Each structure stands twice: as structure tokens, then as C-alpha cells.
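As C-alpha cells, the structure follows; a few thoughts come after it.
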Amino acid sequence: MWSQLISIQVKPGHDIHAVIEAIKAAELPDSGLISETFMRDRHDPTRFYIVPLFRSEEEARAREADPRRVEATATIQSLLRDILAGPPQFTDLDVLEHWIV
């Protein structure tokens, strides 16, 4: 499995609910995505973290390039341009173990 830790900071007074809904609406079956978690920093309400979990990095990269996602990706990017205080930060992660209780 493969994941990313995506850190974004939004302008004061903004949140990411519209972005979350756009991302959910854009998801296609069999994209390799297992789950996606969206979190807000308790100590900094302008800082959000997104953690998508994929079956593999290859499937995640193929998902990024999927031509069926072009329109949805443009919508998501437009929403982000309006609310982000700076560029997102991406950390690529190899998942050693994942379990749900």
C-alpha cells in the first residue's frame, strides 16, 4: 500500500468542505483508492491534512492521469485556488501496516 500526507493551509475564514465534496464526487470505481481521511489541526484551524490510502503508488499515479478526471480535477483546483494561503505540501509514504479495529 501507498499513501500521501497532504498538508494545506487555507486563508482565515475558509474551510475545505466544498473541496471534500468535490473530491468525493470525482472518485471513480477501481481507482486504487482504499480510503481518504480529512483532518483539521485543533491548534491551527487554518491547517488541514488529507491522507489518501491507495493499493499502490502506480495506481495512485494512474488515477492522477486518468482523462475521465480532467473536469473534476479542474473544479477541485479552482476551489483550492480560492481558499489556499500557500501551496500544498506532499509527503509520500510507504504503508507498513494498516488495520481497522
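The values are calculated or read from the model by the stated rules, or taken from the named source; none is laboratory data. These figures come from a predicted structure and were not determined experimentally. As a convention, Cβ positions derive from the backbone with ideal geometry for all residues, glycine included, and neighbour counts pool all protein chains shown.
Brief remarks follow.
- Among the residues of segment 18-41, just one is of a type in the set (Val, Ile, Thr) and over 11 Å from the mean Cα position of the chain (by Cα), namely Ile34.
- Only one entry in Ala85, Ala72, Ala65 is surrounded by 13 or more Cβ atoms within 10 Å (Cβ to Cβ) and among the small types (Gly, Ala, Ser), namely Ala72.
- Phe38 meets each of the listed conditions (1) at pLDDT 95 or above; (2) touching a Ser or Thr at 6+ places or on another chain (Cβ under 8 Å) apart from (2).
Residues are listed down the side, and each one gets a yes or a no for (1) outside any loop (DSSP other than H, G, I, E, B); (2) without any contact (Cβ under 8 Å) to a residue 60 or more places away in the chain; (3) of a type outside the set (D, E, K, R):
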residue: Pro52; (1), (2), (3): yes, yes, yes
residue: Glu59; (1), (2), (3): yes, yes, no
residue: Ala62; (1), (2), (3): yes, yes, yes
residue: Thr73; (1), (2), (3): yes, yes, yes
residue: Ile76; (1), (2), (3): yes, yes, yes
residue: Pro87; (1), (2), (3): no, yes, yes
residue: Thr91; (1), (2), (3): yes, no, yes
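- Of everything listed in (1) out of contact with any helix residue (DSSP H, G or I) (no Cβ under 8 Å at 6 or more places or on another chain); (2) farther than 18 Å from Ile76 by Cα, the single unmet condition for Trp2 is (1).
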